[in-house]
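Working notes, beginning with the structure itself.
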Amino acid sequence: MAEVIESRGQALQRESGWRELIGKEDWWAIWIGLGLIVVAIGLLAGGGSIKWVAVAPTKWTHVSEAVAQFSAHAPQYLALLVLWAVLFGIATSALGYKLSRFLPAFVLVYGVSLVLYFLGQWDQASHYNLEPPLVALALGLLVSNTVGVPTWADAGLRVEFYIKTGIVLLGAGLPLTLIAWAGPVAVLQAGIVSLVTFGVIYFVAVKLGLDRRLAATLGTGGAVCGVSGAIAVAGAVGAKKEHASIAIALVIFWAIVTIFLLPLSARGLSLPTGVAGAWIGTSEFADAAGLAAAQAYGGYAGHVPGITGTPEAAVNAFTLMKVIGRDVWIGVWAFVLAIIATTRWERTGIQSKVSPVEIWRRFPKFVIGFLIASAIVTIASRGYNYADYKKVLQPALVAPLQALRTWAFTFTFLSIGLTTRFREFVTVGAKPFYAFTAGVVVNIILGYILSTQVFVDFWTRLGQ
Amino acid sequence: MNPLVRRPLGNSPAPPGPPDLLCGNCRHFCREPREIEAQLPGMRSLGSVYGSVRASDGICRRHDRYLAASCSCASHELEPRVPGGDIPVCA
């Protein structure tokens, strides 16, 4: 018996140790994202480029042009499908999915994403508000909540995996110097909003008589990192299963609302792209939802009168704010709240082992990939002057990696809609709804003030 | 360790159980990702059971709580060994 117990203890340790390198999607996002970047740089060094396979639609006016464009590049689109299917297929197999289930589902995701990507390149898309992220999301929501999604397609709808891969690739387009310059402001702004939002949700929830563990789970979901923040803290404080479900449902509901609300509000206010990206990064609840909103807003640049800045600025500001300013602190929130739960709150009959190691265990590891990607491309671009960067590095390295990133994001946005099935959500009750909504209101107002008044010059400069 | 951290750690209501009698080894504890996904509706939409932030958390079926595998309680029951497997799975 002792031998059995010992082997199980070791097994658990192994699982939380090196096994995580192939057992968690954060690490797979790093392997895939960095692998693509290293291959791209290697090809560039050898006089080639990854751009043949990193194919993406370009602007078109008439449908016949789009069809002709696709026909001309059909082998490349097929090669790209094979590339993504192999990379994601290996990863999902390691995570426990059968390849035979993943592949047909992914082909469906890729096919629909291809249509949406082309649609976004229509020169009248902005005029009709057909921003690809919002169209992908709306289409997915419509299908999943009406006719439904066949169960065989579930294996291909990996929202978080796709978004993490996209964020690692995004690091390739952000110089490390920019992250170092903007990071502290992002941390400061996000820190203010996170603390205030958490305080509001927690205070209102407790005042309404809700369990403190539920209050903390709701608070972290609203203040730090949406569903990821909610489940990290739910696990750390030992919340009831039902409480985790309530927090997830509320986060998703408000995240979906704000995907549409924030870009449209920012558009109505004609905010520069960098400023809008910072606001979305401060006030959206989830990475995937926020990137949909930020990318949609970036698409307005140059198409909607009065909106200044580059399309990239919205996504860059969002990422700095959300990933650097908020996501990286999940482990700290979980650790601190676990201590408070253990020492201050009512007993549950369960003993928790609180350790600072928890901060690392719950650290969203894909952020490491994002920073390494930035460092690699920053180093690779050393020695290029601005003219050479634009002439050589941009078309052969940066643009293809941006295209691959956009693909990963499109898979994400479609998957969000197709996995959000409102009828599956638990009934949350009025009190949790009021508490969370109070935090949403304060979060959006405070995020707006900080982004458009207090730090407006900073975020505007980022967009230039 | 910072005294502000050490103090509450030292005041924990009860020490965790022996290292091998943790929730992660208990037959009531479910850590299988797809089972957790099924029990937490919406989890797949904007979150993931395969993410680092979940660490090795799971669902305790006895207490109906979502908690860390490193927790322990008086109701611990060792998971029967699964042939060919070295990690406890959901019942």
Counting only residues in the range B:41-71 that are among the hydrophobic types (A, V, I, L, M, F, W, C), more than 18 Å from A:Ile359 (Cα to Cα) and within 15 Å of the chain's Cα centre (by Cα), the one nearest to the other protein chains (Cβ to nearest Cβ) is identified as B:Ile59
ask   = Quick one: would you say A:Ile372 is surrounded by fewer than 15 Cβ atoms within 10 Å (Cβ to Cβ) and among the hydrophobic types (A, V, I, L, M, F, W, C)?
value = no
The condition of being of a type outside the set (Phe, Trp, Tyr) and either modelled with pLDDT under 60 or out of contact with any helix residue (DSSP H, G or I) (no Cβ under 8 Å at 6 or more places or on another chain) (or both) holds, among B:Glu79, B:Glu35, only for B:Glu35
Flagged in the range B:51-82 as polar (S, T, N, Q) and assigned to a strand (DSSP E or B), in numbering order, are B:Ser72
Flagged in the range B:57-83 as of a type in the set (Ser, Thr, Tyr) and surrounded by fewer than 19 Cβ atoms within 10 Å (Cβ to Cβ), in numbering order, are B:Ser75
Taking the range A:125-159 and the residues there that are in contact (Cβ under 8 Å) with a residue 40 or more places away in the chain and of a type in the set (S, T, N, Q), the one that is nearest to A:Val82 (Cα to Cα) would be A:Ser144
Being assigned to a helix (DSSP H, G or I) and surrounded by fewer than 24 Cβ atoms within 10 Å (Cβ to Cβ) narrows A:Val251, A:Val257 down to just A:Val257
Over the range A:61-99, the set of residues buried (at least 19 other Cβ atoms within 10 Å of the Cβ) and more than 25 Å from A:Val159 (Cα to Cα) is A:Ala66
Restricted to the range A:105-124 and to residues being in a loop (DSSP other than H, G, I, E, B) and touching a strand residue (DSSP E or B) at 6+ places or on another chain (Cβ under 9 Å), the residue nearest to A:Leu80 (Cα to Cα) is A:Gln121
Checklist entry - Does at least one position in the range A:231-241 carry a residue that is outside any loop (DSSP other than H, G, I, E, B) and surrounded by fewer than 24 Cβ atoms within 10 Å (Cβ to Cβ)? => result yes
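Let's see how each residue does on (1) buried (at least 24 other Cβ atoms within 10 Å of the Cβ); (2) at pLDDT 95 or above; (3) of a type in the set (A, V, I, L, M); (4) within 14 Å of the chain's Cα centre (by Cα):
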| residue | (1), (2), (3), (4) |
| --- | --- |
| A:Ala286 | yes, no, yes, yes |
| A:Ala289 | yes, no, yes, yes |
| A:Val304 | no, no, yes, no |
| A:Thr308 | no, no, no, no |
| A:Asn316 | yes, no, no, yes |
| A:Gly325 | yes, no, no, yes |
| A:Gly349 | no, no, no, no |
| A:Val367 | no, yes, yes, yes |
The number of residues in the range A:329-371 that are free of Cβ contacts under 8 Å to residues at least 60 places away in the same chain and more than 11 Å from every other protein chain (Cβ to nearest Cβ) is 1
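The values are calculated or read from the model by the stated rules, or taken from the named source; none is laboratory data. Keep in mind that this is a model prediction, so the values were computed, not measured. Because the Cβ atoms are built from the backbone with ideal geometry, glycine has one as well, and the counts that use them run over all protein chains shown.
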